Structures are given as structure tokens and as C-alpha cells.
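Worksheet: one structure, shown below.
The values are calculated or read from the model by the stated rules, or taken from the named source; none is laboratory data. All values derive from a computational prediction rather than experimental measurement. All Cβ positions, glycine included, derive from the backbone under ideal geometry; neighbour counts span all protein chains shown.
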Ligand code: SAH
């Protein structure tokens, strides 16, 4: 009987039939099918089960993880009907690895090894920090194969520690409790030192932000480094110090780094010392919006202002506010530039796309009466792949602008 027949060699996997609109999304290369587009399935399928996705008439469209509790009811893992399990996980991790090898990143010891939908493993994030792996499992579908994932990572990368940071809002939407702690290599220390283009960072996978360190700004930090010689730099939203320390590696004369998190400022200070930059690095734990206004009022100016704010919106309702946030923070940042100074500015808000972000920058420049010329455009590094068919993977925007003299 169509719909109940099974061709996965390892045994039956249940079917889910979807609407015409859902089918079009799958065919366009998008990994998300919403609950509205589910049509027919056997009763009682548990959250996280991997299913065969079919068109209304029963044509196979691929394999997905089902979770009817989430707004995103199906997450496509393959356009083929595959046999779920460790062998498939191993295949996806191998593909992710070779993607990075092709970009020349094969020998990197600090990089994202697997990035969720962007590596066709929805909800699985794996970061490597030297001999420590930090993982996030954010979907019920990945939770189903948690042990297989850990076993496969241990066999592929021989880490001394696999630390799990399965936290945050995403898991709540999937109906999962948070989980944090060692998943392999219990008792081992949670800190490792990474080398990122010759700059060293201490990464604590237990206490650090998200998985321990923001790897996604690597290419953009290089851009900042290469523009920094002799410049005074403001590292706004510095977290554990990335941009500021790259600027010092590039010969910046001084860095003032600001973040509202005491942990971040403490970690950034240790990282500055680790690189022997403490004499040129100053950190302040403060709300940047207030701090920028005070610096501007006191007449302080910088040759290079870096602004890497957190995601300003997580849900669609927050988009307007996010756009306002980008306008405000960039306007104040611009007012701190010395003549001919550079604004290096980023957005990691998935819901604010490139044209919308540019529009926010345009109104910030207008408010600040600044003529900006483009110096450099950045984006994500190769360990954060972008899928054309899935705009959500294209979240990181970065550009450097020079403020012309009036
Ligand atoms: N530039 C960093 C990543 C920044 S992530 C890097 O290269 O690693 C965003 C940071 O903004 C977080 O560290 C968070 O603590 C900080 N933050 C959020 N709101 C803030 C505010 N109002 N003022 C200052 N810092 C803030």
C-alpha cells in the first residue's frame, strides 16, 4: 500500500504526507516545513522521529525529522529516503569535513565542524576548540540520535572532552529540557587555548558565551586586523575580545573594549594578557549605548570603531525594533569617529536581511550627517556555510565604511 510501504534498508520508517506548498518548499531546497503543511501520517508518532516525506499522492520527497510540537514540524535531512542512524550521521559529518577541507580549512583546530541546517544536520552544532568539542543539540530529531552523534564525533576527532551546551530558547520550542555538562571525557578541564590566525584565545566551553567562543567572525576579524595599523580602536560588544585582539595583532596603537557582560570583559582581559597585549588593551564592563554617548560627550574619538551587537530580534515581531537598534548604535558609533575614521559594523540578526540592514545604516549615516564610502565587505567564514535555498543560513553581515571629510 502506498504510504505504508518502506524502502529504507534498515527497516520501516513512518511516512508523513505534506501539502503542495510544502512540496514546493522542499523542491526549492528549504529545510523547514510548517505544521500547516502536514497532511497525513500514522497516529501517535513521537517527537523527534525521522520520517519519509511524501507528496499528497505518495511520491517520496526525502527524509525529515518530525516534531509536531514545534512550529517547524518537519526538518529535512535529505532529499532522498535514507536509513536513519549512525552511518547517516557519519556521512553528514564527513561531508561537512570535506566542505571545510575544500576551503583549505582541513587542518584548522578551531572551527565549527557542523552547523545545523547549513550542513544538513538541523539542530546540531559542533565546535572544535583544539582537543575539546563543544556541541549543541537543539531539535528533538537530533536528540533521538544523541548517543550516536557523540560516539561518531569521538571516533572521528578523538577529543579529550565533548561538552554539551544544549541550552536556550530553541530547545524549549522543541519541548526539550536544557542539558549542560560533559558528554564524554568526564572530569577533564573545560578550558582550551586556540590559535586563530596567530592570535590566542582561552576558550571555556562551560562558562564562555554560547558554545564557548564566537567562531563566525573569523573572516571579519581578519579584515579589521588588516586595517588597524597605527589606529586607535573601539571594540564595541567585544565579548571575549576577538576583534580588538586581532586589531592589536595588526598593529593598532590602542584598543578600548566594551561589553555589558562582566564574564566577557574578564575573559577578554585574560586573552589580551595571553597575547602580551595588555599594555595596549583596556576593557570596560558597561552598557554600550550609555558608554558610547558618554565617550562622545567627553570628546573622545577613535580611528576605527567596531560594532558587533548581539542579535537584536529572535522573532518576527521584533524586526522593527531590531532595525531601530542598528540605526541607533551605528549613529552613535559614527559620532565617535575621528576625521577619515572607519566604521566596521556587523549584524547577526537572521530576520534582518542585507537590504534592510543597509537601509538602517543609511539612516544612521543621514542622522549623523556622515558620507560613508565602502572599504570592505565581509561575511561568514567557510565553516559557516550559506545555502542559497535557505536564506536563514545567510545571517551574518559585515562591512567597513570610511567616513569622508565633510
Ligand atoms: N564581538 C564579539 C561577539 C559579540 S556577541 C566577538 O568577536 O567574539 C555580542 C556581545 O554583546 C555579547 O558579548 C553581549 O554580552 C554584548 N552585549 C549585549 N548587549 C550589550 C549592551 N547593551 N552593551 C554592551 N554589550 C552588550
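One table, with the values for the structure above:
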| quantity | calculated |
| --- | --- |
| Criterion: surrounded by fewer than 22 Cβ atoms within 10 Å (Cβ to Cβ), touching a helix residue (DSSP H, G or I) at 6+ places or on another chain (Cβ under 6 Å) and either touching a residue at least 24 places away in the same chain (Cβ under 8 Å) or outside the structural domain of residue 393 (by TED's automatic domain parsing) (or both) - qualifying residue of 47, 43 | 47 |
| Among (1) touching a helix residue (DSSP H, G or I) at 6+ places or on another chain (Cβ under 8 Å); (2) assigned to a loop (DSSP other than H, G, I, E, B) - the single one residue 310 does not satisfy | (1) |
| Residue list for the stretch 297-333, restricted to those being farther than 25 Å from residue 221 by Cβ and within 16 Å of the ligand (Cβ to nearest atom) | 318, 321, 324 |
| Any hit, the stretch 340-351, residues being modelled with pLDDT under 95, part of a helix (DSSP H, G or I) and either more than 21 Å from residue 234 (Cα to Cα) or assigned by TED's automatic domain parsing to the domain that holds residue 117 (or both) | no |
| Meets criteria (within 8 Å of the ligand (Cβ to nearest atom) and in contact (Cβ under 8 Å) with a residue 12 or more places away in the chain) for residue 239 | yes |
| Residue that is farthest from residue 395 (Cα to Cα), among those in the stretch 328-351 that are within 22 Å of the chain's Cα centre (by Cα) and surrounded by fewer than 20 Cβ atoms within 10 Å (Cβ to Cβ) | 351 |
| Filtered residues of the stretch 244-271 (kept if crowded, with 17+ Cβ neighbours inside 10 Å, within 12 Å of the ligand (Cβ to nearest atom) and part of a helix (DSSP H, G or I)) | 244, 245, 246, 247, 264, 265, 267, 268, 271 |
| Residue 274 within 12 Å of the ligand (Cβ to nearest atom) and touching a strand residue (DSSP E or B) at 6+ places or on another chain (Cβ under 6 Å) | no |
| All helices (runs of 4 or more DSSP H) inside the stretch 146-243 with 1 or more residues being surrounded by 22 or more Cβ atoms within 10 Å (Cβ to Cβ) | 146-157, 218-226 |
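Here is a yes/no grid of residues against (1) modelled with pLDDT under 95; (2) under 22 Å from residue 193 (Cα atoms); (3) out of contact with any helix residue (DSSP H, G or I) (no Cβ under 9 Å at 6 or more places or on another chain):
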site	(1), (2), (3)
76	no, no, no
79	no, no, no
85	no, no, no
98	no, no, yes
104	no, yes, yes
111	no, yes, no
115	no, yes, no
121	no, no, no
135	no, yes, no
